[in-house]
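The values are calculated or read from the model by the stated rules, or taken from the named source; none is laboratory data. Just so you know, these numbers come straight off a predicted model, no measurement behind them. Every residue, glycine as well, gets a Cβ built from its backbone with ideal geometry; the counts of neighbours run over all protein chains shown.
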Amino acid sequence: MSQQLTLSNRVMGSLIGSAVGDALGAPCECLHYQKILKEYGDFQGMADLIAAKAGWDWLPVGTVTDDTVLADLLLDCILANDGIMDAHLFAKQWELFEQPIPNPGGAPVIRLNQMHFIERIPYFRNQLREIKKRELGHGEANATNAIMYIGPVGLLCAGDPNKAALMAADVTAVNQHGGPRDVAAGYAAGLAECFVSGATVDSVIETVVTFTRDFMHTREINAMLDLAKKCQNCAEFIRRYYTEIVGPVIPFQDVQHLDQMHWKFKSEPICNSWNSAEILGPTLATFLITRGEDAPAMMLACAKIGRDADTICRCAGGLIGAWRGIDCIPADWRELVFKRNPWLRLEEKGNALVDLIRRRTGLLGSQLLELSADARG
């Protein structure tokens with residue numbers, strides 16, 4: 001039976017799905033999938049993670065990470081500038097990183113305090129006027145710090161993948177350079193493609209890979225997609241990922257994490273590489289395996305794969321939310337994330353973004369975006 005998917009519930013689905021994915025994947029970050037299975041079992045949601053005492057001492061299950069904090073800054077920038085976005089405007093927004101954010105029932109939130117040191121470097125470089133805004137990210141570690149927050153740009157450009165890719169590549173110059181910006185552009189384009197009339201799972205994947213452009217990263221992503229086509233389900237993909245991708249295609253650890261021990265399981269080496277293709281590849285692979293029809297299976301797989309799980313799962317939640325709408329994200333997952341992170345004001349800002357998209361696309365464009373998902377029952 002076909003289901004009407006509106007612009008509103010798909011934009012909200014992507015914004016909220018991204019935050020939920022971030023929180024769901026966070027307890028598994030930098031872990032090997034076998035360690036996750038041993039410690040947390042075959043968890044089926046956040047309640048199971050809480051019961052297993054998953055996560056970090058300083059980050060209760062359901063709490064978002066720096067990924068969503070930075071995306072919140074980007075969303076504020078989009079809304080403050082009525083959808084006009086470039087690197088200069090985003091750099092200006094970074095000046096507000098130390099501004100206290102009201103937090104219902106708790107102390108005000110200082111977003112900069114929740115940032116990894118890599119995101120703090122552009123913040124301080126931004127205060128030096130001689131460094132050009134589109135060069136703030138030059139020389140930064142090639143990490144996943146562009147794709148992790150770029151989702152709101154893809155939504156802003158709903159229905160226009162080319163515009164989404166160009167805007168994403170420009171905006172992310174504030175804190176990254178090179179290939180990571182290309183991967184962020186591909187992801188933003190894929191989100192925009194979800195709103196194109198007649199879009200399919202295959203067309204979304206093709207759009208992402210096409211707009212990623214960078215040869216090395218597209219080669220790595222395609223290797224993961226090739227593996228997905230051979231797998232019966234997401235569980236098989238995870239197992240084979242660790243033998244056919246980790247090592248042969250992606251390093252077990254990058255230089256940043258080399259020989260470091262995991263912060264919770266002190267005897268376990270960190271299992272991670274900050275390779276942006278490793279965010280987009282599993283996201284697209286699980287989207288392909290599930291054919292965009294099972295959000296919990298897709299997001300759980302992206303959490304259980306470990307490594308940079310919070311960012312992988314965040315991108316998975318954002319993609320499936322844009323594809324199938326807010327109702328595909330389990331209600332209890334959403335409720336816990338709302339409870340743990342009230343300062344984000346996800347629903348309020350999401351509604352403001354929907355209004356902005358409608359105003360910028362006009363009546364005809366808005367109608368096309370509303371109707372483009374009728375057949376995704």
_Ser197 - would you say it is without any contact (Cβ under 8 Å) to a residue 40 or more places away in the chain and closer than 23 Å to Gly365 by Cβ?_
no
*Restricting attention to the range 50-66, which residues are at negative phi and either part of a helix (DSSP H, G or I) or under 18 Å from the mean Cα position of the chain (by Cα) (or both)?*
Ile50, Ala51, Val61, Thr63, Val64, Thr65, Asp66
*Which helices (runs of 4 or more DSSP H) does the range 222-312 wholly contain that include 2 or more residues that are of a type in the set (Asp, Glu) and modelled with pLDDT of 95 or more?*
234-244
*Restricting attention to helices (runs of 4 or more DSSP H) lying wholly within the range 74-172, give those where 1 or more residues are among the charged types (D, E, K, R) and surrounded by fewer than 18 Cβ atoms within 10 Å (Cβ to Cβ).*
87-94, 117-125, 161-171
_Scan of the range 15-49 for residues that are assigned to a helix (DSSP H, G or I), polar (S, T, N, Q), out of contact with any Cys (no Cβ under 8 Å at 6 or more places or on another chain) and under 29 Å from Cys194 (Cβ atoms), ordered by number_ = none
*asked:* Condition (residue is outside any helix (DSSP H, G or I) and crowded, with 24+ Cβ neighbours inside 10 Å) applied to the range 2-13: is it met by at least one residue?
replied: yes
